[in-house]
Amino acid sequence: MLPAGVKKLSYTLKVESDSYKSMKTFLQTIENLPRITVIESLNFSPGEGAPGSSGLQYTVTVSTFYYPALSRYSDYLPEIDVPAAGHKSDPVAIKGQ
């Protein structure tokens with residue numbers, strides 16, 4: 001059960017890593033995000049990658065949490081300079097923004 005006013009946002013990512021080590025690094029990066037993030041599930045999908053691919057294919061379900069009442073403070077957040085996404089889509093982006 002979540003505290004009053006806290007909302008949960010879950011999303012599923014289909015991922016391919018070229019080695020166990022790179023998969024582990026990816027998952028650790030998610031676990032170490034500054035936002036509270038929980039890996040809800042990890043499912044492997046053998047043989048579903050691109051033709052000729054020898055990497056690990058898996059699906060990760062991740063949940064993050066937010067408190068909508070704090071959105072009024074968004075104008076006070078510092079600007080963050082982030083490099084381009086490398087032609088990848090952002091699964092949590094709000095359309096039109």
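The table for this structure:
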| item | result |
| --- | --- |
| Pair Thr29, Thr64: separation of 7 Å Cα→Cβ label points (nm) | 1.4 |
| Net charge contributed by nearby residues that have their C-beta within less than 13 Å of Thr61 (K/R +1, D/E -1) | +1 |
| Estimated FRET transfer efficiency (Asp18, Ile39; beta-carbon r; R0 22 Å; 0.05) | 0.65 |
| Net charge contributed by nearby residues that have their C-beta within less than 14 Å of Ile30 (K/R +1, D/E -1) | 0 |
| For Glu40, distant residues with modelled amide H under 5 Å away | Thr61, Val62, Ser63 |
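Each reported figure results from applying straightforward, stated rules to the coordinates on display, with no laboratory input. Keep in mind that what you see is a predicted model, and the values were worked out from it rather than measured. Backbone-built Cβ (ideal geometry, glycine too); neighbour counts: all protein chains shown.
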